[in-house]
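**Q** Let me give you the structure first, and then I'll get to my questions.
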Amino acid sequence: MAKVMIVDDSRILRKILTSTLTDAGHEVIADAGNGKEALLLLERFEPDIITLDITMPVMDGLEALVKIKETYPNITVVMVSAAGQKSKVMEALKSGASDFLQKPFEPEDVIKVINRFV
C-alpha cells in the first residue's frame, strides 16, 4: 500500500483517482488543485507517490516537479498528461518524474503504474 497525494486542477479527476486508488488498497492522504497547493501540503504530509497533472493554473506540474524533487528527491512522481503533450512528458521525465499516465486512462492503468513503485 502506498500513501498517495493527487495534484490536478480537475476536482472530478481527483475524485476518480482517489476512488480508484483507495479501491486498490492505497491511501490518498492529500489532494491539491495546483502545484503551489501541493508544495504547501508536502510540508504536512509525507506521500510515497504524487500524481501530478502537467497543465494547471497558479503553478503547473513541470514547475512543481522541479521544486518537489529539489526538496523531496525520494518521492515518486507520476505525471498525468493529456494527449498531445509528449514534449512536456519528456521534459518531466528528464526533470525526475518516474512515469506518466495519459488522459483519458482506465482505472487498471492507474493501478498498474502506482503498483510498480510500492
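The values are calculated or read from the model by the stated rules, or taken from the named source; none is laboratory data. Every value quoted in this text rests on a predicted model; they were computed, and no experiment measured them. No Cβ is skipped: glycine too gets one built from the backbone with ideal geometry, and neighbour counts run over all protein chains shown.
**Q** Just the residues that are more than 16 Å from Leu39 (Cα to Cα) and in contact with a strand residue (DSSP E or B) (Cβ under 9 Å, 6 or more places away or on another chain), please, taken from the range 56-94.
**A** Here is the first cut: in the range 56-94, the residues more than 16 Å from Leu39 (Cα to Cα) are 80-94.
Within the range 56-94, Val80, Ser81, Ala82, Ala83, Gln85, Lys88, Val89, Ala92, Leu93 qualify.
**Q** Restricting to the range 1-25, name every residue that is more than 17 Å from Thr76 (Cβ to Cβ), touching a strand residue (DSSP E or B) at 6+ places or on another chain (Cβ under 9 Å) and among the aliphatic types (A, V, I, L, M).
**A** Leu13
**Q** Restricting the range 57-99 to residues that are closer than 14 Å to Ser10 by Cα and within 12 Å of the chain's Cα centre (by Cα), which is modelled with the lowest pLDDT?
**A** Ser81
**Q** Something else: Just name the residue that is nearest to Ser95 (Cα to Cα) out of those in the range 26-55 that are out of contact with any strand residue (DSSP E or B) (no Cβ under 6 Å at 6 or more places or on another chain) and part of a loop (DSSP other than H, G, I, E, B). Step through it out loud before you land on a result.
**A** Within the range 26-55, the subset out of contact with any strand residue (DSSP E or B) (no Cβ under 6 Å at 6 or more places or on another chain) is 33-37, 39-40, 42-44, 46, 55.
Narrowing the set further to residues that are part of a loop (DSSP other than H, G, I, E, B) leaves 33-34, 43-44, 46, 55.
Working: Gly33: 21, Asn34: 18, Glu43: 21, Arg44: 24, Glu46: 20, Thr55: 16 Å.
This residue is Thr55.
**Q** Within the bounds of the range 45-58, is there any residue that is surrounded by fewer than 13 Cβ atoms within 10 Å (Cβ to Cβ), within 15 Å of Val4 (Cβ to Cβ) and not aromatic (Phe, Trp, Tyr)?
**A** Yes, the range 45-58 has at least one match.
**Q** Considering only residues that are of a type in the set (Asp, Glu) and either on the phi > 0 side of the Ramachandran plot or surrounded by 15 or more Cβ atoms within 10 Å (Cβ to Cβ) (or both), which ones fall in the range 66-118?
**A** Initially, the range 66-118 is screened for residues of a type in the set (Asp, Glu), giving 70, 91, 99, 106, 108-109.
Correct list: Glu91, Asp99.
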